[in-house]
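Asks: Below you will find the structure I want to go over with you.
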Amino acid sequence: MKLALTTSTFGKTPFDEALERISRHGFRAIEITAIPGGPHLDAAKITPQEVEALRQRLQQLRLEVVAIMTCPIGPFGEPHYVSYIKRAIDLAVALECPDVLFFSRKPPDMDRYTEAELRSDLTKKMRSIADYALDERIHLAFETEPGLFVESPRQALEILAEINHPALGYNLCVPHILSAGENVEDVIEQGRERIFHTHMSDLQDRIHRHLIPGLGNVNLADIVSRLQVIGYQGALSFDLYPYVDTPDEAAAKTYEYMARLLGG
């Protein structure tokens, strides 16, 4: 398993400087946040020349892009986000990145529709994106979070099973699963065939904060062990956006802790 850090951890730092500092702390893999109007990359606006310059910079820093986190989609609204995710897939192809991550959002007028109508429209959009990803040989990993349209792992795995698309899987987000009151080990077992990517962090008493490993009470070693049992070979990506004011401390402590845990 590859240890990665999200660029959102350095969300207040210029992108090129963020890459350099992440590399300096020992990480050889990153997850890029590419959202409309985001602090680092906008997948719809980046030019081919900028992509090539980024490729060269990543090679220079010995950084591999293991995932691109992009924007949400929701039923009955914002069809341009479907197009945006397809641009993120194009960016993933150019950067030789295997996974694109996305999540759901509630439409502002969702009370106008039945649950069946909402779910049908969302799955239609997910199929469209998945077909595009399959053609480009990219994996899509769907993430849940309390407060989103699809909040729980159970809901997500039901939808993924219904769509049953080879390019569409699950982003195992440990802090979101725990803050939703779910058991990570159970979700790993239930989704073992569909886990494409993993977000890690520590938490204290299931409170939704992405903590540096070792500062909470999550048994990260057990989670890694369970992932090894199912044969997971993807990335362990730490999304530590609460530390944008102290990102170097977060990066250094995370790398040190996880290198010991993984035996690296």
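The values are calculated or read from the model by the stated rules, or taken from the named source; none is laboratory data. The shown structure was predicted, so the numbers you read here are calculated from the model rather than taken from an experiment. All Cβ positions, glycine included, derive from the backbone under ideal geometry; neighbour counts span all protein chains shown.
Asks: Which of the residues belonging to the stretch 45-85 are in contact with an Asp or Glu (Cβ under 7 Å, 6 or more places away or on another chain), at pLDDT below 95 and among the hydrophobic types (A, V, I, L, M, F, W, C)?
Replies: The answer is Phe76, and nothing else.
Asks: Please go through the stretch 123-148 and pick out each residue that is of a type in the set (A, V, I, L, M, F, W, C) and either in contact with a Leu (Cβ under 7 Å, 6 or more places away or on another chain) or at pLDDT 95 or above (or both). Break it down stepwise before answering.
Replies: Initially, the stretch 123-148 is screened for residues of a type in the set (A, V, I, L, M, F, W, C), giving 126, 129-130, 133-134, 138, 140-142, 148.
Matches in the stretch 123-148: Met126, Ile129, Ala130, Ala133, Leu134, Ile138, Leu140, Ala141, Phe142.
Asks: Kindly list the number of the only condition in (1) surrounded by fewer than 17 Cβ atoms within 10 Å (Cβ to Cβ); (2) farther than 20 Å from Gly11 by Cα that fails for Tyr81.
Replies: Tyr81 satisfies every listed condition except (1).
Asks: So Asp111 ticks every box in (1) in a helix (DSSP H, G or I); (2) crowded, with 19+ Cβ neighbours inside 10 Å; (3) of a type outside the set (S, T, N, Q) but one. Which box is left unticked?
Replies: (2) is the only condition that Asp111 fails.
Asks: Starting from residues that are of a type in the set (Ser, Thr, Tyr) and more than 24 Å from Leu91 (Cβ to Cβ), keep the ones in the stretch 116-139 and report whichever is surrounded by the fewest Cβ atoms within 10 Å (Cβ to Cβ). Don't jump to the end; show me each part of the working.
Replies: At the first step, the residues of the stretch 116-139 found to be of a type in the set (Ser, Thr, Tyr) are 120, 123, 128, 132.
After this cut, where a residue has to be more than 24 Å from Leu91 (Cβ to Cβ) as well, the list is 120, 123.
Details: Ser120: 12, Thr123: 17.
Taking the candidates together, the pick is Ser120.
Asks: Could you tell me whether any residue of the stretch 218-234 is surrounded by 13 or more Cβ atoms within 10 Å (Cβ to Cβ), in contact with an Asp or Glu (Cβ under 9 Å, 6 or more places away or on another chain) and within 17 Å of His25 (Cβ to Cβ)?
Replies: No, the conditions are met nowhere in the stretch 218-234.
Asks: How many residues, within the stretch 1-41, are acidic (Asp, Glu) and either in a strand (DSSP E or B) or modelled with pLDDT under 95 (or both)? Full working, then the answer.
Replies: First, pick out the residues of the stretch 1-41 that are acidic (Asp, Glu): 16-17, 20, 31.
Narrowing further to those that are either in a strand (DSSP E or B) or modelled with pLDDT under 95 (or both): 31.
Selection size over the stretch 1-41: 1.
Results for (1) in contact with a strand residue (DSSP E or B) (Cβ under 6 Å, 6 or more places away or on another chain); (2) touching a residue at least 12 places away in the same chain (Cβ under 8 Å), shown as yes or no for each residue.
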{"position": "Lys2", "(1), (2)": "yes, yes"}
{"position": "Ser8", "(1), (2)": "yes, yes"}
{"position": "Phe27", "(1), (2)": "yes, yes"}
{"position": "Gly37", "(1), (2)": "no, no"}
{"position": "Leu63", "(1), (2)": "yes, yes"}
{"position": "Pro75", "(1), (2)": "no, yes"}
{"position": "Ile85", "(1), (2)": "yes, yes"}
{"position": "Ile89", "(1), (2)": "yes, yes"}
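Asks: Picking from Ile68, Ile129, Ile85, which residue would you name as being of a type in the set (Val, Ile, Thr), under 21 Å from Leu19 (Cβ atoms) and outside any loop (DSSP other than H, G, I, E, B)? Explain how you work it out, then say what you get.
Replies: Working: Ile129 fails: under 21 Å from Leu19 (Cβ atoms); Ile85 fails: under 21 Å from Leu19 (Cβ atoms).
None of the other options fit; the residue is Ile68.
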